[in-house]
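Read the structure below first, then the notes.
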Amino acid sequence: MDMYVWELDFYSRPVLDGEDKKIWELLVCDRDRAMTYAKLCPSTSVNSVWLAAELQQVLALTGRSPQKVRFYRPSMHNIITRGCILAEVTPQPSRRLPNLSRWLEERMALVYPQMEGFQGADPNPLPLTLGSPTPTPVPDALVGDRWQVVSLPVADFALADQWSMDFGELLDLSSLDATASLPGIVFGSSRALPLAAWMWGVDPVSVQFAGANLLLYANAEACWRVLTIPPEAIALGQSFEAAKAAAQGFHFMAIQADPEREHFEGFWLLQEPQVRRV
């Protein structure tokens, strides 16, 4: 399924204007960064009305409305949500922001230092967090019937955009060696299609084995315990985590009704953010 998604950030930057106030900036990109939009905002205009007007400009430039607009700024939640609603696009608080995160890092290294009033690069320009003090049980709608840990060479993903899948998203793996191995988890279910649809709706960020638990991080704050694994499988989980670390945090999650078919009801390439855990 072809999903058109925007990633958005609307926040102050480490640059002071002529009145010693931080400048604000709107960044919008699509999942491949084929579309990028950057606009400075006067500190006196930081509101949902200004944001909505700019989003309408992006809509006019692209000629296409996204299924969702992902963002992660807890302090800006109300303004961004209201601005999106005014522009008639769907806001989605989410930590699945790989392209925006890389774009911000690039701008922090190459763009802002060239601006008058630069105060110093922020080492963590999009302060994502993973986890919660106590993971909660996964909603029933996200429970599969069976699971399996697998691995695939990075080279196998070269044509992933041509794979048969109902729901899913891919990521750029060009930073990995083609011979590297990517770990993944395949969930089997007789309800694979509705499970995949639910998964698309919650924006999966990362899966992680933590002791005897398999955790799923999703949307802006969810940390769900998908299952408790038996003691004899803990070593398998540890191997998965080691392989994920060796692959720069990249891994994948698939949902299938029939493992004999070359079709995925859901398939997501994931990358665990290098973030502070809470």
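Here, each number is a calculation from the coordinates, and none is a lab measurement. Owing to the predicted nature of the structure, the values given are computational and were not obtained by experimental measurement. As a convention, Cβ positions derive from the backbone with ideal geometry for all residues, glycine included, and neighbour counts pool all protein chains shown.
Which Cα, out of 230, 151, 255, lies furthest along the positive dipole direction of the range 130-277 (beta carbon charges, K/R +1, D/E -1)?
230
May I ask what percent, to the nearest 5, of DSSP beta bridges between residues of the range 6-93 are antiparallel? Can you show the working numbers first?
Details: 14 of 20 bridges.
Restricted to the range 6-93, the bridges split so that about 70 percent are antiparallel.
For the chain, with a Gaussian network of springs between Cα atoms less than 10 Å apart, report the residue from 195, 110, 214 with the top mean-square fluctuation.
Maximum among the listed residues: 110.
Taking every eigenvalue of the Cα gyration tensor of the range 5-125, multiplying by 5 and rooting it, what semi-axes result, largest first, whole Å?
23, 16, 13
Just need the relative contact order of the chain here, percent rounded to a whole number, with Cα pairs under 8 Å and 6+ apart.
Numbers: 544 pairs, mean separation 50.1, N = 278.
Once divided by the residue count of the chain, the mean separation gives 18 percent.
Rounded to the nearest angstrom and ordered from largest down, what semi-axes does the equivalent ellipsoid of the range 41-97 get from its C-alpha gyration tensor (root of 5λ)? Write down the numbers at each step before the final one.
Details: eigenvalues 57, 51, 16 Å².
Computed over the range 41-97, the values are 17, 16, 9 Å.
Would you please put 243-250, 158-165 in order of how densely packed they are, using the mean number of other Cβ atoms within 10 angstrom per residue and starting with the highest?
Numbers: 243-250: 17.2, 158-165: 12.1.
Averaged packing, sorted descending, gives the order 243-250, 158-165.
What longest region of the chain stays clear of GluC sites (Glu not before Pro) that DSSP places outside H, G, I, E and B and that have at most 14 other Cβ atoms within 10 Å? Please report the intermediate quantities before stating the final value.
Working: sites that count: 19, 88, 116, 260, 262.
The answer is 117-259.
Using the alpha carbons of the chain, what is the convex hull volume per residue in cubic angstrom, as a whole number? Mind dumping the intermediate values first?
Details: hull volume 38.6 nm³, N = 278.
About 139 Å³ per residue, rounded to a whole number.
Mind checking the full-extension length gain between residue 164 and residue 221? Use 0.36 nm per residue of separation minus the Cα-Cα distance, one decimal, nm. If you can, show how the numbers build up before the last one.
Numbers: separation 57, 0.36 × 57 = 20.52 nm, distance 3.01 nm.
Stretched fully, the residue 164-residue 221 segment lengthens by 17.5 nm.
Provide the gained length on full extension for the span residue 172 to residue 75, in nm with one decimal, where the gain is 0.36 nm per separating residue minus the Cα-Cα distance.
Numbers: separation 97, 0.36 × 97 = 34.92 nm, distance 2.92 nm.
This chain segment gains 32.0 nm when fully extended.
Kindly work out what percent of the DSSP beta bridges joining two residues of the chain are antiparallel, to the nearest 5.
On the way: 41 of 61 bridges.
Restricted to the chain, the bridges split so that about 65 percent are antiparallel.
Can you give me the Cα centroid spacing of the range 72-142 and the range 202-230 in angstrom?
Taking the Cα centre of each part, the range 72-142 and the range 202-230 sit 20 Å apart.
Considering only the range 136-278, what is the antiparallel percent among its DSSP beta bridges, to the nearest 5? If you can, show how the numbers build up before the last one.
Details: 26 of 37 bridges.
Close to 70 percent.
Determine the relative contact order of the range 130-277: mean sequence separation of Cα pairs under 8 Å and six or more apart, normalised by residue count, in whole percent.
Details: 290 pairs, mean separation 48.1, N = 148.
Answer for the range 130-277 is 33 percent.
Normalised by the residues of the range 5-125, what does the relative contact order come to in percent, with Cα pairs under 8 Å and at least six apart?
Details: 200 pairs, mean separation 36.0, N = 121.
Here the relative contact order equals 30 percent.
What dipole magnitude, in Debye to the nearest 20, does the range 130-277 give about its Cα centre under +1 on Lys/Arg Cβ and -1 on Asp/Glu Cβ? Walk me through the intermediate numbers first.
Details: 7 positive and 17 negative charges, 104 e Å.
It comes to approximately 500 debye.
So if I place +1 on the C-beta of Lys and Arg and -1 on the C-beta of Asp and Glu, and nothing else carries charge, what would the dipole magnitude of the chain be about its Cα centre? I want it in debye, nearest 20. Mind dumping the intermediate values first?
On the way: 22 positive and 32 negative charges, 132 e Å.
The calculation lands at about 640 debye.
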